[in-house]
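The values are calculated or read from the model by the stated rules, or taken from the named source; none is laboratory data. Here the structure is a predicted model, which is why all the values come from computation and not from measurement. When the accessible area is computed, the model is the full protein with side chains, heavy atoms only, and any ligands, DNA or RNA have been set aside. Shrake-Rupley method; radii C 1.70, N 1.55, O 1.52, S 1.80 Å.
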Amino acid sequence: MKKIKDIENMDWEALEQAAGTSQANVPADLESSIKAAILASEAMAEKQPATRRLPARAFYGFAFAAALAAVITVGVARQRPLQDTFDDPLLAYAEVQKTFRQISDKMNVGLELASEARTTAEKPAEILKKINE
């Protein structure tokens, strides 16, 4: 029996070949039970009002916004207490630069996390697309 990591790393042809060589016992009434399940789900779909699904881009947008909000929240929570106003404009400008640098660093980390999440979310979509072709 193969491990999940081995199966995930297999290419599409190897997966098809493995599926074709497997010795699975198929129940005799499988086709009729599948048809009955499809008919039952279609009947339920007709009874229920149609729901509108969000496109995948909206999901990625929400995921990115959530990751960004989490990173900013953590960054703000870890900052030292706020200081009073500055008398010297150069000191104020230096503090603004420091703050923007911190925000930029935190946003870069958030973007990297969102990018990793996107590639992870796209993998099942690619598998389903190949199956449906």
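Within the range 68-95, restricting attention to residues that are open to solvent by less than 70 Å² (accessible area, probe 1.4 Å) and not acidic (Asp, Glu), which residue is modelled with the highest pLDDT? Applying the filter and picking the extreme gives ALA94. Which members of the range 112-130 meet the condition of being open to solvent by less than 60 Å² (accessible area, probe 1.4 Å) and of a type in the set (A, V, I, L, M, F, W, C)? Within the range 112-130, ALA114, ALA117, ALA121, ALA125 qualify. Report whether or not VAL109 is at pLDDT 85 or above, open to solvent by less than 80 Å² (accessible area, probe 1.4 Å) and part of a helix (DSSP H, G or I). The answer is yes for VAL109. If you filter the range 48-67 down to residues that are of a type in the set (A, V, I, L, M, F, W, C) and open to solvent by 100 Å² or more (accessible area, probe 1.4 Å), you find that the one that is modelled with the highest pLDDT is PHE62.
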